[in-house]
Amino acid sequence: MPRYRLMLEYDGTRFSGWQTQPGERTVQGMLIGAARDAFGEVGEVMGSGRTDAGVHALAQSAHIDLRDRIASDALRIALNDHLPADVTVLAARLEPGRFHARHDAVSRSYLYQISRRRTAFGKRFVWWVRDPLDLGAMRRAALALRGFHDFQSFTDARPDEGSTEVEMESIEIAEADDLLLFRLRAGHFLRKMVRRVVGSLVEIGRGTMLVDAMSEALEEPRRGAMNTTAPPSGLFLESVIYRGERHPRDLRPAITIGHAFGVD
C-alpha cells in the first residue's frame with residue numbers, strides 16, 4: 001500500500017481528542033471515515049501523537065495507507081470533501097519507504113494562548129486569566145525547564161507508561177496585544193505536561209507560587225505535584241518536525257483578538 005504523509009489543522013473544541021475511541025467524536029476517527037468514504041479500502045491511519053479533548057492543532061502530522069496511488073492534491077481534496085468543517089487537510093505527500101508519523105518525528109512544538117481580557121470571538125482558543133500576571137517572574141521560572149529533566153511533577157502518567165524524563169529544547173513567553181503566548185518545544189511531551197507547565201507559570205505570575213517552585217519540582221519530582229492544569233481551549237499543536245526540517249521561527253498567535261483599552 002502506498003503511504004502518504006498528511007498535515008492537518010483542526011479546532012479541537014468538539015472533539016474528544018485525536019485518538020479513536022468507541023462512541024466518541026475524534027479527529028482520527030473522522031479522518032478514517034473520510035478516507036473510507038472517498039477510497040473504500042484504507043490501511044493504517046496514524047498521527048504523530050495524541051492531543052487531548054478540546055486541544056487544537058495548527059499542523060498535526062499523520063500518515064495514511066491507501067490501496068492505490070493517487071495524486072497528492074487529489075488526495076487532499078477528496079479527504080476535505082468528506083471531512084467536517086472543523087478539520088482540514090492542509091497538505092498531502094507520497095512518502096518513500098515506511099515513513100511513520102510518530103516514530104520518525106524528532107521534535108514537537110506546542111503553543112498556548114492566554115487572553116488578558118474577555119473576548120467575544122476567541123473564547124474557544126484562549127484561557128482568559130483575569131488576574132494581573134508578573135511576566136518577569138514567569139520568564140525567570142521558565143528558565144529552569146530548559147534541558148533534560150524528570151517532568152513527573154507535571155503529569156499524571158503512570159510509572160508503567162514509560163520514562164517521565166524529557167529534553168525541553170526551548171520555552172518562550174511573548175506578548176501579542178492582549179495575548180500572552182507560550183511556546184514549548186521538545187522531542188516528546190507527557191500527558192497534560194504542557195498544560196501543567198503553563199498552569200504552574202500562571203500561578204507564579206499571580207504570586208500564589210514562588211519562582212523557585214518550578215526548579216524544586218524538577219529536583220524532587222512527584223507525580224502530579226504541579227497540578228494546576230490550564231484548560232485545553234488555549235492549547236495548539238503548532239508543528240511536528242522530521243529529520244532535515246525546521247520549526248517555524250516566528251512566535252505568532254493562532255488567533256488575533258487585538259488590544260482593547262479599558263476593558264476589564
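The values are calculated or read from the model by the stated rules, or taken from the named source; none is laboratory data. This structure is a prediction, so every number in the text was calculated from the model and none was measured. Note that each Cβ is placed from the backbone with ideal geometry, even for glycine, and that neighbours are counted across all protein chains shown.
Is one or more of the residues making up segment 59-79 modelled with pLDDT under 95 and within 17 Å of Val240 (Cα to Cα)? Among the residues of segment 59-79, not one is modelled with pLDDT under 95 and within 17 Å of Val240 (Cα to Cα), which makes the answer no.
Condition check: outside the structural domain of Ala230 (by TED's automatic domain parsing), closer than 18 Å to Gly234 by Cα and within 19 Å of the chain's Cα centre (by Cα). Does Ser16 satisfy that?
Details: outside the structural domain of Ala230 (by TED's automatic domain parsing): yes; closer than 18 Å to Gly234 by Cα: yes; within 19 Å of the chain's Cα centre (by Cα): yes.
Considered against the rule, which asks whether it is outside the structural domain of Ala230 (by TED's automatic domain parsing), closer than 18 Å to Gly234 by Cα and within 19 Å of the chain's Cα centre (by Cα), Ser16 comes out as yes.
Of all residue pairs spaced 6 or more apart or on separate chains, none has beta-carbon atoms under 6 Å together with a first member in segment 108-121 that is not assigned by TED's automatic domain parsing to the domain that holds Glu169 and assigned to a loop (DSSP other than H, G, I, E, B) and a second member that is crowded, with 23+ Cβ neighbours inside 10 Å and modelled with pLDDT under 95. When we screen His63, His103, His56 for residues that are closer than 30 Å to Leu201 by Cβ and of a type outside the set (Gly, Ala, Ser), the only hit is His56.
Filter segment 12-42 down to the residues that are within 19 Å of Arg69 (Cβ to Cβ), loosely packed, with under 14 Cβ neighbours inside 10 Å and at pLDDT below 95 and list them by number. Those that are within 19 Å of Arg69 (Cβ to Cβ), loosely packed, with under 14 Cβ neighbours inside 10 Å and at pLDDT below 95: Gly40, Glu41.
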